[in-house]
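Here's the structure we're looking at; comments come further down.
The values are calculated or read from the model by the stated rules, or taken from the named source; none is laboratory data. What you are looking at is a predicted structure, and each value in this text was computed from that prediction instead of being measured. Please note: Cβ atoms are built from the backbone with ideal geometry, for glycine as well, and neighbour counts cover all protein chains shown. Heads up: the accessible areas ignore ligands, DNA and RNA and are worked out on the full protein's heavy atoms, side chains in. Shrake-Rupley method; radii C 1.70, N 1.55, O 1.52, S 1.80 Å.
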Amino acid sequence: MGRKKLIWQLFPSYVLVLLISVAAVTWYASASWRRFYLEQTAKDLEMRACLAVVSMQERLTAGTTPTDSLCKELGKLTATRLTLILPDGQVAGDSEEDPARMENHGDRPEFQDALKGRVGVSTRFSFTLRQDMMYVAVPVKEENQVVGVMRAALPLTAIARALKSLYLKIALGALVIVLLVAALSWMISRRISRPLDDLTRGARRFAQGDLSRKLPVPDSEELGSLAEAMNHMAAQLEDRIRTLTSQRQEQEAILASMVEGVLALNTEGRVITLNQAGARLLGVSPQAAANLSLREVVKDRELLWFVQRTRSSGEPVEGEVELKDDRERVLQIHGTSLRDADGRVMGTLLVFHDITTLKQLENTRRDFVANVSHELKTPITAIKGFVETLLAGALKEPENADNFLRIIAQHTDRLNEIIDDLLSLSRIEQDAERRQIVLTAQRIKGVLQAAVQICEAKAAAKGILLELTCPEELRASINAPLLEQALVNLIDNAVKFSPTGSAVAVEAERVGTEIAIRVKDQGIGIPKEHLPRIFERFYRVDPGRSRKIGGTGLGLAIVKHIAQAHGGRVAVQSTPGQGSAFSLILPQA
Ligand code: ADP
């Protein structure tokens, strides 16, 4: 704003210089011309006066014509006013006036000069003719004596008219020169300013980040060097930006690929960097978190306190933080001060590791040990109680002793069952882990028939009908004994939790790319809240009832592990009072 373009600084200066010089030259030329013209006119008048003197002397010698008449005649011939003045100043003849009416001319400067034998020149107002005139007077000599003065005169208006036309020509010439030179100046100004315009445009492009297009190099040495220097600078800048960008991309790629969450804060506690894993763990978006203060990103008090501890300690800090928002997560965090190359503290760096699964596993194992102990404790306590009673004397009462021993045998069986189930569960887990479970692609109908057969006796005892539906050609990659064990568990449960006289259906079909084997009953069903945990070890809907009807609480856990060992999964649908449907879903052969 307010700044003029270079061309509008150059061009007016040129025009000013041009106008001053043309005006000076015009003035000087006009003055010279005027002087020259006046000199010429004076010479001309002198000549005319001299000629008039010669002509008059000749005529006077002939002696007829009076002097005044001669003046008038010669004046008309030469178109000049001629005046003959006697040495005493009296006018003897005049081409325009009657000499008798003219005053004495003795005081006229040109007359006085002529009297002294020189040529007199004077320019002034003529009272006789009432206008400005130029007078030139020459002496008339006879035998070296001045006997009179012949004066020739011209009105200045004639001279002025001649000069005016001359001035007009000079002015016209000057105008043409001014126009031509102004056009030339315009072209020169543009020639100077255009490369600068180009440079400016190029520099602006550089500023906008387009460093790839080079500036044109002008011919002039200074501008050429400037353009080359700027091109060089742009190339270096581009190179540096490329290096920085690739470094940043590498850094971002490393951070983005890290499994650990990384959070860097500046000294004011604002987020400098938060990688994808970190953002995922904290449940925020990395872009949204940038430059926000930690308190705006994280609400968890425990985590904020940990950061505070890291900032104040100056030493690396390690700890576990449990985030208690919508989904529970346990993070292991390493916190340390962020330092620059000179060791100055720039902020805080936190590295998170999600140990939720690890923690869950730890909890599961702890629960499992507690559960196993509890499961084993019940029969052992019972056995111990009866053995003590027998020892205390009951052994001698044959009726009681028999009864007590039978109960002891029942509990021993139960212990055995639990241990069998635990062993088989751990074997399946171990084999699956070591990939020692051999799967063979085969028809599955035979396996389903075998499982149904095993359970048939128990079902018949309760008056329950087992129905099998399975297409002959249905094939899957299976381990037959394991699949049979899983199905026996499911059918056994169905029979256990169904009323007398109901039916249990075992069906298999292809669903998309998978094989679904379902065991459906019309039994008591499972309330919705228990469904998510039903496949956990020792989980029972009704522990008392389950134990009474001889369940270990491990049957479904075994089914789940067998399904997983086959690369498949389990599912359950149930409505209390109407029945349940357990599904084993296996990948197709
Ligand atoms: P259990 O040996 O006690 O049967 P499972 O792991 O086989 O142990 O089953 C766990 C629990 O799931 C059972 O205690 C029972 O409450 C419930 N359950 C399993 N199958 C059925 C079913 N078909 N109908 C109703 N409840 C079932």
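Worth pointing out:
- Between amide H atoms placed 1.01 Å from N, distances below 5 Å from ARG81 occur with ALA153, all of them 5 or more places distant or on a separate chain.
- Here ARG270 sits with roughly 90 square angstrom of accessible surface, probe radius 1.4 Å.
- Based on the Stokes-Einstein relation at 25 °C and a viscosity of 0.890 mPa s, and on the Kirkwood radius from alpha carbon pairs, region 452-567 is assigned a translational diffusion coefficient of 162 µm²/s.
- Per-residue ³J(HN,Hα) for region 328-333, Karplus 6.51 cos²θ - 1.76 cosθ + 1.60, θ = phi - 60°, Hz, x for Gly and Pro: 7, 9, 10, 10, 9, 10
- Take every Cα pair under 8 Å whose residues are at least 6 apart in sequence, average their separation, divide by the length of region 64-150, and the relative contact order is 23 percent.
- The relative contact order of region 133-249 comes to 13 percent, based on Cα pairs under 8 Å that sit 6 or more residues apart.
- Relative packing of 499-506, 155-162, which averages over residues the other C-beta atoms within 10 Å, highest first: 499-506, 155-162
- Note on THR357 and GLU399: their simple-model spin labels are 6.3 nm apart, each label 7 Å out from Cα toward Cβ.
- Dipole of region 214-255 computed with +1 at Lys/Arg Cβ and -1 at Asp/Glu Cβ about the Cα centre; of THR245, HIS232, LEU255, farthest Cα towards the positive end is LEU255.
- For region 67-79, 3J(HN,Hα) per residue [Karplus equation, 6.51 cos²θ - 1.76 cosθ + 1.60, θ = phi - 60°, Hz, x = Gly/Pro]: 4, 4, 5, 4, 4, 5, 5, 5, x, 5, 4, 9, 6
- Kirkwood-Stokes translational diffusion coefficient of region 155-298, alpha-carbon pairs, 37 °C, 0.692 mPa s, µm²/s: 150
- Remark: region 7-162 carries a charge dipole of roughly 540 debye about the Cα centre, counting +1 on each Lys and Arg Cβ and -1 on each Asp and Glu Cβ.
- What the chain shows is 60 Å² of accessible area per residue, with the surface traced by a 1.4 Å probe over protein heavy atoms.
- Distance between region 452-516 and region 320-354 - C-alpha centres, whole angstrom: 53
- Helix 301-313 vs. the chain, principal-axis angle (Cα, 0 to 90°, nearest 10): 60
- Within a straight-line Cα-Cα reach of under 18 Å, LYS396 can be paired with the following aspartates and glutamates, leaving aside sequence neighbours fewer than 8 residues apart in one chain: GLU388.
- Interchain or long-range residues, amide H under 5 Å from ARG124's placed H: MET133, TYR135
- Dividing the radius of gyration of the alpha carbons in region 247-317 by their Kirkwood radius gives 0.97 for Rg/Rh.
- In degrees, nearest ten, helix 156-207 long axis to first principal axis of the chain (Cα): 10
- Dividing the convex hull volume of the alpha carbon atoms of the chain by its residue count gives 382 Å³ per residue.
- A Cβ-based charge dipole, computed about the Cα centre of the chain with Lys and Arg at +1 and Asp and Glu at -1, lands at about 780 debye.
- Cα-Cα over 20 Å, subset of LYS458/LYS520; LYS496/LYS548; LYS462/LYS520; LYS520/LYS560; LYS445/LYS496; LYS76/LYS141: LYS445/LYS496; LYS76/LYS141
- Note on ARG194: accessible area is roughly 120 Å² with a 1.4 Å probe, heavy atoms of protein only.
- The share of Cα pairs per 5 Å bin across region 432-520, counted from zero up to the longest distance, runs 3, 14, 24, 22, 17, 11, 6, 2, 0 percent.
- Space enclosed by the convex hull of the alpha-carbon atoms of region 7-162, per residue, Å³: 128
- Projecting the Cα atoms of LEU70, PHE497, GLN430 onto the charge dipole of the chain, computed from C-beta unit charges around the Cα centre, puts LEU70 farthest toward the positive end.
- Taken about its Cα centre, region 435-589 carries a charge dipole of roughly 480 debye when the Cβ of each Lys and Arg holds +1 and the Cβ of each Asp and Glu holds -1.
- Of GLU250, GLU484, the residue with the largest accessible area leads and the full order is GLU250, GLU484 (1.4 Å probe).
- Computed [θ] at 222 nm, helices only, for the chain once each DSSP H run of length n ≥ 4 contributes -39500 (n - 2.57): -18500 deg cm²/dmol
- Leading residue at positive end of dipole, the chain (Cβ point charges), from ILE517, ALA394, ASN416: ILE517
- Under 5 Å between amide hydrogens, built in the peptide plane, is the criterion, and for GLY148 it picks out VAL140 among residues at least 5 positions away or on other chains.
- Fraction of accessible area attributable to carbon and sulfur, the chain (%, probe 1.4 Å): 56
- For the chain, relative contact order (Cα pairs under 8 Å, six or more residues apart, normalised by length) works out to 7 percent.
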